[in-house]
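Since the structure comes first, as structure tokens, the remarks are kept for the end.
The values are calculated or read from the model by the stated rules, or taken from the named source; none is laboratory data. These numbers were taken from a predicted model, which means no experiment stands behind them. So basically every Cβ, Gly included, is an ideal-geometry build from the backbone, and we count neighbours across all protein chains shown. Side chains are part of the model used for accessible areas, which takes the heavy atoms of the whole protein and leaves out ligands, DNA and RNA. Shrake-Rupley method; radii C 1.70, N 1.55, O 1.52, S 1.80 Å.
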Amino acid sequence: MERPRHQGMAKNTYMRWRLPLVCLLWEVAMIVLFGVFVRFSPEADAHWEEEKREMNLTSDIENDFYFRYPSFQDVHVMIFVGFGFLMTFLKRYGFGAVGFNFLLAAFGIQWALLMQGWFHSFKSGKILIGVENLINADFCVGSVCIAFGAILGKTSPIQLLVMTLFQVTLFAVNEYILLNLLHVKDAGGSMTIHTFGAYFGLTVTRILYRPNLEQCKDKQGSVYHSDLFAMIGTLYLWMYWPSFNSAISDHGDAQHRAAINTYCSLAACVLTTMAFSSMLQKKGKLDMVHIQNATLAGGVAVGTSAEMMLTPYGSLIVGFICGIVSTVGYVYLTPFLESRLHIQDTCGIHNLHAMPGLIGGIVGAITAAAATEDVYGKEGFIKAFDFTGEYQTRTPSVQGGFQAAGIVVSLLIAFAGGALVGAILKLPVWGDAAAENCFEDDIYWEVPEDEESEAYHMHNPDKPASP
Amino acid sequence: MERPRHQGMAKNTYMRWRLPLVCLLWEVAMIVLFGVFVRFSPEADAHWEEEKREMNLTSDIENDFYFRYPSFQDVHVMIFVGFGFLMTFLKRYGFGAVGFNFLLAAFGIQWALLMQGWFHSFKSGKILIGVENLINADFCVGSVCIAFGAILGKTSPIQLLVMTLFQVTLFAVNEYILLNLLHVKDAGGSMTIHTFGAYFGLTVTRILYRPNLEQCKDKQGSVYHSDLFAMIGTLYLWMYWPSFNSAISDHGDAQHRAAINTYCSLAACVLTTMAFSSMLQKKGKLDMVHIQNATLAGGVAVGTSAEMMLTPYGSLIVGFICGIVSTVGYVYLTPFLESRLHIQDTCGIHNLHAMPGLIGGIVGAITAAAATEDVYGKEGFIKAFDFTGEYQTRTPSVQGGFQAAGIVVSLLIAFAGGALVGAILKLPVWGDAAAENCFEDDIYWEVPEDEESEAYHMHNPDKPASP
Amino acid sequence: MERPRHQGMAKNTYMRWRLPLVCLLWEVAMIVLFGVFVRFSPEADAHWEEEKREMNLTSDIENDFYFRYPSFQDVHVMIFVGFGFLMTFLKRYGFGAVGFNFLLAAFGIQWALLMQGWFHSFKSGKILIGVENLINADFCVGSVCIAFGAILGKTSPIQLLVMTLFQVTLFAVNEYILLNLLHVKDAGGSMTIHTFGAYFGLTVTRILYRPNLEQCKDKQGSVYHSDLFAMIGTLYLWMYWPSFNSAISDHGDAQHRAAINTYCSLAACVLTTMAFSSMLQKKGKLDMVHIQNATLAGGVAVGTSAEMMLTPYGSLIVGFICGIVSTVGYVYLTPFLESRLHIQDTCGIHNLHAMPGLIGGIVGAITAAAATEDVYGKEGFIKAFDFTGEYQTRTPSVQGGFQAAGIVVSLLIAFAGGALVGAILKLPVWGDAAAENCFEDDIYWEVPEDEESEAYHMHNPDKPASP
């Protein structure tokens, strides 16, 4: 059971008291805060019968549950299986990928229910939650999963929990500014989730820069079956992305349209990813890293505009471009960012979320600015952009301007927040591993004996197989 | 192709005539019984147009299919992928885990449609089935999958089919007593599925006690990738549990509320599981066994109360406690049960289903007893507990008492039934393997050559790699 | 990085310019065609509010999105994860299985939206698409995935794209003849998807016959974990098949009934598959190939009749038969087809799709011919078979005749189309691999170093482990 080769590690990664303490204290805090603040929304409350009468609903099927629950479950799968398994591509970090993602998401959704609740569902001292809140909490945590991709393999579970605490908070603030103050549309979160999450994570990883990470370059690769595990993540993200982008759109045509646009964008993205993956490699072979990641960029990039009248061919164009941008990013930009800017981005979130997220914000701004009553219909136009109340007189071009402002705000909060959180995570109390132990599960996990000795043998062919 | 190391096995595991005979005869019996008894419910029958008029429904969307089908599919995934893959953690029993689970569940749902149909959907000589029956059949089979967890790796497929036949029958009886005679609420099955299934399985494995199982202790472990396969099962169970607990609740607020409560309980459970997994291990490392199993205990434990006004913070508290109880169970109780009580529980269902199931029953009883018209609203109160007809005058505290009685009945039937079925399975005609061949796929499966020889090599480092 | 053992390969598999060119040009063509032709259906268009008024709908829940989206997502999972992972069973072709399936399906759905759109959703010069079109596009691509199964491991990605282009076109023509000209019912596609797709693929693989394929017999097998990956595909196909067969059925009872019938048929099929898998093997052991494939035949075989009043026991009978037929096919027919008819069918689609598809067409014809107003009700009868307008006077027996004609048409178009496409694919410009390099990922994929050298070592035990 002794693993002498780790005895020499420089850092204290002993989690026995620190991790339990953080988990238990924070969960107790959640219970107290939920006890004080969180109650059921009218559609989930046993008083629903009375509510139904008041709202003049004739059938239980009008409950928001039936409009959104299937999409919620798809989003839920994306967060836990999608992101979790996408990150299992590393040969010896599968437990950490799927396990830590599980941990941070499970904590994050609770904290997000509170943070987003205070901003958006707060009524007479209580946060009233329904299925839409669950989706939004999953969305918020999605941005943390994205940031996790940048620092995958290099942080302790406590650091991840600390990051989640801060990032969820900042996410909620940013989201409030965009959706409520700027009155921006962003149903699929190109700005709030992807741009914010990715630049936040990239800033954090920049600050946590490890100069000696080269030594474990071999552990940053995949093995055959770990690439197949990662494809499970990829496909679930790809297949359910139409649900993601339509999950919180308005009932009816908006949800319907968002799903179609996303479906189209993603389909186009696969073809350009394959094309460039082959083209940019000397031998013309396809690279699993691109297929696992860049094929998803099309979903990111219609996050803002999918519920608008982007049209199917517009979606194809967006997907076409993003497959190229993302694949080129993996080949040229990621090495550049690492060597020149010291941004060590394990999963390449800059290519999958940051750039496509920015493109998504811009496409959203243009699509909004180009909206006309002719295309949307008189009622559809007002409904699509919620041009009611104090926004009654806002024009599409003004809306486009605000959408663009939303991108800038998201970037600013991501950079500032990432810098702050990166600095906090740099404190030497969180139990992160030394560079030579990065990307290795057995720092934080009980790893089964046999296979590991086999793996050890595989990577050290000069050593004998027998322990 | 010859595997000399198995030639010396003491028992006859030859399945060639026995397994086909059982499968074919039983399936013929199913066809005959379905032919005599099973027809479509009015909502699935081509006479639906007339039915719609009669029930004054204005739209096809009022068909129960649209209320429940998405939840049904989630439950279906839990039974076949969730349980199937959760049990693939063993290094050489993946085929048996996922394959036998497939077999017993496919048989079980047919038999459950009949058994539950006779008790609950029998009208003028016919069982009328709709989507709710499919869900209930999956639920019933869920209890068999749970029991399978206790005896995983130690039984022949015929034994599993025999167990399924009896367990489904007893499940239906127990369910009838609880739901119809005691008028107990148990939508997510803390009592009917988990408590019953787990104590039934534990009794069976106790009776099938194998004194020499120690010899294959090494095969009871996992390898790196088998742990990742198991995480697929875990995550699908975890993600879809809100659908499980809400699948057969009343339309509208009850389904909505059950999903939210379950979501909350499961989230809390992950944090306490991680905390105690780290705390109870000397080196503070996380154990995959706990993450794969104890994180799910929160879903089990709100099975009865999720559709009640448990409230989100109540759910967090339940999840908090169950993550702890379950993890502690894995560390201390499972070894104790094995060494002292001779209960060999392969998957630790005592920790994941038995104890959390009991807690779930108790929480349900308390929540029911604490119900007030103030909290539920006048109509909501009656609807939630179905206090109509002969139960019009039942009070919450009386309901709480009946709920508690439901736990006791489930336990009694589980123990008695498990003892009976265990005795039947002990008969030397079912083709189970000798102790030294337990937890090994190649007793009942054609296993691909290469990998196995590799595995063989791995476990026997003193042998050369070449065959 | 050099792999000398491939230097001697006879064929030019260099994809660097060919694959990107095809992908990019075709995607540009898609964008142009979508730009000219494709718009949103009224239910996905922002003018929906006006549409709703016109159609007298009182609620957004009446949008077809809510009737079909959950089923769409299930079908989507079947196409990408189901078929993709089902084909990962080969020990060294997992990337190609899941990756090429991804590529061809992503292209195919776009082309199918156009082709099917021109035939079925063309209004005043535009194709109007909604969720039902997405499902139909997935269905159409399903037939390509089936054909892919026959040629798995033996073709280049360009060949697959070329095949997809032609097969989707022919699918749409065949579908138009069946559904519109013959007025045939085939909601789950026994004829249009399975019979057509399978015989098309079998014809293609016959024409692409490779006499020397024996040399890589060892690579046509599985390894332990690749069989588990394949089971992910199997289970998702199996679980979601009820959604597949009900996805485009009429709202209400038809969808409900189709799901129940499919559920029953699949359950029965598992038992007879297990029975015959064990019975036909000398040692009585179960064979993963059968479990992975034949268990699904029951879903194929109720594809036409599931939405009819097949009844649950009728479904059990169909599933019972098909499990047997399919398993027997794997044991006896596949070797015969290969040795005598030179049909090299990698995945055995003849057993899983061709024969069960034919059975499904026949069962559909019989069920239609046997329909009576008594069983369906007066309105239900007309609605089920769409006996309106010019078909007002069609009788069940005539309908049965047309159903049977549909089988014949599907077969003819499959054979003729397959011959044509096979001949095209035989041109020496598509970059397919030599026989000795079939079933190997590293022709078209960057494959991670370590694992491969390990695998290499495994398969060549006389070579030392160190590279």
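Under 8 Å for C-alpha pairs, at least 6 residues apart: give me the relative contact order for region A:69-426, rounded to a whole percent. Once divided by the residue count of region A:69-426, the mean separation gives 23 percent.
Rounded to the nearest 500, the 222 nm mean residue ellipticity of chain A from helices alone is -19500 deg cm²/dmol, with -39,500 (n - 2.57) taken per DSSP H run of at least 4 residues.
Taking the 1.4 Å solvent-accessible surface of chain C as the whole, the part contributed by carbon and sulfur is 63%.
Listed cross-link partners A:Lys383/C:Lys52; B:Lys52/C:Lys185; A:Lys123/A:Lys383 are compared with a 22 Å cut-off, the Cα-Cα value being larger for B:Lys52/C:Lys185; A:Lys123/A:Lys383. Hey, can you list the residues from region C:27-53 whose accessible area shrinks by 50 Å² or more with all protein chains present, relative to the chain by itself (probe 1.4 Å, no ligands or nucleic acids)? Listed in order, they are C:Glu27, C:Ile31, C:Phe34, C:Phe40, C:Ala44, C:Ala46, C:His47, C:Glu49. Using the Cβ-Cβ distance between A:Arg53 and B:Ser339 with R0 set to 41 Å, the FRET efficiency from 1/(1 + (r/R0)^6) comes to roughly 0.10. Distance from the B-onto-A rotation axis is smallest for the Cβ of the chain B residue given, in whole Å, as B:Pro70, 3. What does a probe at C:Leu420 reach in region C:159-174, counting residues whose amide N is under 12 Å from the point 7 Å along Cα→Cβ? Under cut-off, by backbone N: C:166-174. Taking both sides together, the accessible area buried where C meets B is about 7000 Å² for a 1.4 Å probe. Sorted on the mean count of surrounding Cβ atoms within 10 Å across their residues, most packed first, peptides C:392-400, B:13-21, C:146-154, A:424-432 read C:146-154, B:13-21, A:424-432, C:392-400. Taken over region A:69-426, the ratio of Cα radius of gyration to 2.2 N^0.38 Å equals 0.93. For region B:377-421, accessible area lost to neighbouring protein chains reaches 30 Å² or more, against the chain alone with a 1.4 Å probe, at B:Glu379, B:Lys383.
I want the local charge near A:Asn180. Using Cβ-Cβ distances under 14 Å, sum +1 for each Lys or Arg and -1 for each Asp or Glu among the other residues. Charge balance near A:Asn180 sits at -3. Across the identical copies, the 7 Å label point of C:Gln215, projected outward along Cα→Cβ, sits 4.7, 4.7 nm from its counterparts, in ascending order. Between B:Thr388 and C:Val36, the modelled labels are 6.0 nm apart [label points 7 Å from Cα along Cα→Cβ].
Each Lys or Arg adds one and each Asp or Glu takes one away; over the other residues whose Cβ falls under 10 Å from the Cβ of C:Ile382, this sums to -2.
In this structure the amide hydrogen of A:Ile127, modeled in the peptide plane, comes within under 5 Å of the amide hydrogens of A:Val38, A:Arg39, none closer than 5 places in sequence on its chain. Ignoring lysines fewer than eight residues from A:Lys11 along the same chain, the ones with Cα atoms less than 20 angstrom from its Cα are A:Lys154, A:Lys217, A:Lys219, A:Lys426, B:Lys282, B:Lys283, B:Lys285. Whole-Hz Karplus values for region A:247-261 come out as 4, 10, 5, 4, 4, x, 4, 5, 4, 4, 5, 4, 5, 5, 4 Hz, taken residue by residue from phi with 6.51 cos²θ - 1.76 cosθ + 1.60 and θ = phi - 60°; glycine and proline positions read x. Ranked from shortest, the separations from the 7 Å Cα-to-Cβ label point of B:Phe119 to its equivalents in the other copies are 4.9, 4.9 nm.
Accessible surface for the protein assembly as shown, divided over its residues, is 29 Å² per residue with a 1.4 Å probe. Taking all protein chains as they are arranged and a probe of 1.4 Å, the heavy atoms of B:Tyr313 leave approximately 80 Å² accessible to solvent.
Per-residue Karplus couplings for region C:367-381, computed as 6.51 cos²θ - 1.76 cosθ + 1.60 with θ equal to phi - 60°, are listed in order as 4, 5, 5, 8, 5, 9, 5, 5, 6, 9, x, 4, 6, x, 4 Hz, Gly and Pro entered as x. Between region C:85-126 and region A:110-186, the alpha-carbon centres lie 36 Å apart. Among residues other than A:Asn136 with Cβ under 11 Å from its Cβ, the summed charge is -2 (Lys and Arg +1, Asp and Glu -1). If you bin all the Cα-Cα distances of the protein assembly as shown at 10 Å, starting from zero, the percentages per bin are 2, 9, 18, 24, 23, 16, 6, 1, 0. Compactness ratio for region A:1-117: Cα radius of gyration over 2.2 N^0.38 Å (N = residue count) comes to 1.57.
Put the Cα centre of region A:378-449 next to the Cα centre of region A:236-301 and the gap is 20 Å.
Taken one residue at a time, the phi angles of region A:159-167 give Karplus couplings (6.51, -1.76, 1.60, θ = phi - 60°) of 4, 5, 5, 4, 4, 4, 3, 6, 5 Hz. Gly and Pro are set to x.
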